[in-house]
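Take a look at the structure set out below.
No lab work stands behind these numbers, since they all come straight from the coordinates. Remember, it's a predicted structure, so these values are computed and weren't measured experimentally. All Cβ positions, even for glycine, are placed from backbone atoms using ideal geometry, and neighbour counts span all protein chains on display.
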Amino acid sequence: MSQKTYLTILKTGIYLSFISVFLVFKNLLFPYITSKQIPFNILIEILFVFWLAFIVKYPAYAKATAGKPSWISFGLIGFFVVMIISCFTGADFNLSFWGDIERMLGVFHLLHFLAFYFIVITAFRDWKDWRNLLIVSVTAAAILCLYGLTKNIAYSTVGNTAYVSGYAIFNIFFALILIFRQARIGGKGKDNNWWIISLYSIAIITLLAIFKLTHTRGAYVGLGAGVFFALLLFIILNKSKKIKIYSFSCLAVIAVLISLVFAYPQSSIVKNSSILNTMTQISAKAATFQTRLIAWKAGVKDFKNHPVLGTGHGNFAITFDKYFDPSFYNYTRSETYFDRAHNNIVDIASTTGGLGLLAYLSIFVAAGYYLVKGYRENKIAQHELILLAGLIIAYFIQNLAVFDSLITYISLMTMLGFIYYLASGEAESKHGHSVSRDTECPEINKSLINKEIYALAGAGLVMLIIIFQYNIKPLKMLKGTIGGQIAFAQGDIIGGVETYKKALSYNSVLDRDSRDSLIRFITANYAMLSGLGDEKAREIFDYIIELAEKNAAYNPGDSLMQMELAQTLNIAARFYEDNPQKFYFYSDRALEAINKSIEASPGRIPIYYIKAQILAGRDEQDKAIETLKYAIGLNEKYYDSFCNLSRYYFVFKQEDKGFEEMDRCLDLGGAELLAPTDYVKSLINYYIGKQDWPKVLKLYQRLAALEPNDAEVWVRLAKVYAQAGDMEKAVEAAKKAGELDPAMKDASEQFIKGLE
């Protein structure tokens, strides 16, 4: 094929890759991730075949594109080499290399972004090419944000507001680059110049508007830091004293205004502005900051244990679990498992060690070097130096509170490719006129045609195998997993399990999460198996145990996988309570697994509840109580432990101790955990007898949550509210009772009048 044909294929393919940001297939597990990454992978794998054949047939073209070795490219290659090595030296090769379905950030997937970069720097050779690519990127981002705005869906088609914000930041700067280019060179003297600039400006407004919806504090800080740095750089580089004075004054005013926002967060202006209000929530005291600080501290603590290559790419969860701080529960009771540090620097240092961090940082050092060098050599215009430097700062700052995804990786590689192009591919005169190099390469040696055919055939065959094995098979598995979940939702347990079995029969490299979803469903709904008969129930549980063991085998030090294995084995033991030999066969293994889980994450409190459950099932009451008391000692503010200990005392017929712990459970706010209704009602009767009305009120509130359609419960709740002196809520509860049962309406109204 000719150069033109190859270039058309490569460029078109890169443009099409941006379609992936819009793809959401609901019939796949984790649709916002898998729907994008797998089609992107397939497309890049196809393009890679043509790229390889192209540089084989036209080696001079590749050399002309590169000009000379690029430290950006070397930095990227070095970083990926370190990541690959860490897969073999780390804790979990499967997770490091293949990743998981929830993130799809394993090395295998990330390599596609590296291929994207090399295809881009090879095929996009002049400003016209780059203008088109930046327009495609900005257009895709603007449409994505516009969709989110019109549908009032902050996460748009991405599924995560932080990713949307990060994507918007990149494309705001890309749009500004297009505006300056259009104003200075592209449309100079043409009638359509200003309406094109207007379109870019509309795109920027759309991209900025999404920030009001996403409320992503890290993105606000990142964008603000990038803009501030860009303005500061503009002041430094500008030769006009007047402009310097005006610009410094502008920065000073901005700094004062921001200070006033933080100084007066309760003012009406701040409260009525969602953006300003979100800014005031940027605080070291914020719960999200505190939980992430715990994660960052874990990474720092563990660094000394793996200073060179870390725990292996993607294995931050191992570090987080190892140093999990029980105080975490003081800030949130959900999302307690961090598989990422939510800080790119900490994450990279923790998982790929000092070597990986140095390689990563070298990419941006090289980018900065080329920006400065290109500016001094008049290859890079001042506005492009300023904007790209500001973008790098914005990206870096934002990533101190989040991590990359497909859409930000595409944007990052586009930015690095553009810097590469500016530094090596184009010179600009002092007057701002573009001077592009010749895009044609010397005539090729005819003997290279055979090599081209071999490259197309060989690489094509390899890529077909990769596409089928590592993309098509996972797709079938993902679709089958959703099929199994649908069957479960319809009450078809046997059909659901069989559908899962078929999905997992493809033996894809991403089976871990599918197995996990099946394990979680069965362990959470094991009572449903009783209607299937003992033989079928045991058959299903044998299969679930097999899956749990496979997941745990990836990394025996994975606390979560060992905990799930322990839960599965413990439930299996219950099926054999009439057979001591089999009961202890499963129970002993459950105890072994839960001890491994605790060893891997000694500060994670809920694991001890599972251990206590296992011990109680073995009739080892003292050990179960001792385990729960130890859990309480880890964090005495975590009311779950008191609630659990109380229940065990009741089960063990030690009611005095049970109510003593229940007092602490309720005082700390644990009523929301109590169930079922009979248990709550028995507690209500006890505390009514003691005339402890504050606790009675908490328990009735819980009962109303468990039985929201029981009018009698609301009547009693209204009376307790009235006794507590909360007339407003007493009226609300009485009205609710009247709405639920018309026969009580008159009595409800009389009750309300009596309150008045």
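Below are the figures for this structure:
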| quantity | calculated |
| --- | --- |
| Length gained when the stretch residue 509-residue 729 is fully extended (0.36 nm per residue, less Cα-Cα span) | 73.7 nm |
| 0 to 90° range, to nearest 10: angle between helix 193-214 axis and the chain longest Cα axis | 20 |
| Two-site label geometry, residue 139 and residue 89: point separation in nm, points 7 Å out along Cα→Cβ | 4.6 |
| Efficiency of FRET from Cβ geometry, residue 81 and residue 535, R₀ 60 Å, rounded to 0.05 | 0.65 |
| Student exercise, the chain dipole from Lys, Arg, Asp, Glu Cβ charges, in Debye to nearest 20 | 3480 |
| In nm, spacing of pseudo-spin labels at residue 667 and residue 746 (7 Å Cα→C-beta vector) | 4.6 |
| At q = 0.10, 0.12 Å⁻¹, base-10 log of I(q)/I(0) for segment 1-91 (Debye sum, equal scatterers on each alpha carbon) | -0.41, -0.59 |
| Normalised alpha carbon radius of gyration of segment 89-204 [divisor 2.2 N^0.38 Å] | 1.35 |
| Among 144, 605, 701 - extreme Cα towards positive end, dipole of the chain, charges at beta-carbon | 144 |
| Two-site label geometry, residue 550 and residue 623: point separation in nm, points 7 Å out along Cα→Cβ | 3.1 |
| For segment 329-334, Karplus couplings with θ = phi - 60° (6.51, -1.76, 1.60), whole Hz, Gly/Pro x | 5, 6, 9, 7, 10, 10 |
| 222 nm mean residue ellipticity, helices alone, for the chain (DSSP H n ≥ 4; -39,500 (n - 2.57); rounded to 500) | -24000 deg cm²/dmol |
| Tail fraction, Cα-Cα pairs, segment 599-674, threshold 21 Å, whole percent | 19 |
| Principal axis dimensions, largest first and in whole angstrom, of segment 563-643 by Cα | 40, 24, 15 |
| Dimensionless Rg ratio for segment 492-701, taking C-alpha atoms and the 2.2 N^0.38 Å reference | 1.14 |
| Estimated FRET transfer efficiency when R0 is 25 angstrom, pair residue 24-residue 472 (beta carbons, to 0.05) | 0.85 |
| Kirkwood Rh in Å, taken over segment 312-377 so that all alpha-carbon pairs contribute | 14.1 |
| Protection proxy ranking, peptides 341-352, 654-665, 484-495, 33-44, average beta carbon neighbours within 10 Å, highest first | 341-352, 33-44, 654-665, 484-495 |
| Whole-number percent relative contact order across segment 69-436, with pairs defined as alpha carbons under 8 Å at least 6 apart | 27 |
| Whole-percent pair-distance distribution, where bins are 10 Å wide, for the alpha carbons of segment 69-436 | 5, 21, 32, 26, 13, 3, 0 |
| Alpha-carbon centroid distance for the pair segment 140-189 / segment 455-482, whole angstrom | 32 |
| Sorted by Cβ neighbour density within 10 Å, fewest at the top, the residues 384, 102 | 102, 384 |
| Debye intensity ratio in log₁₀ form over the Cα atoms of segment 701-756, taken at each q of 0.21, 0.28 Å⁻¹ | -0.65, -1.10 |
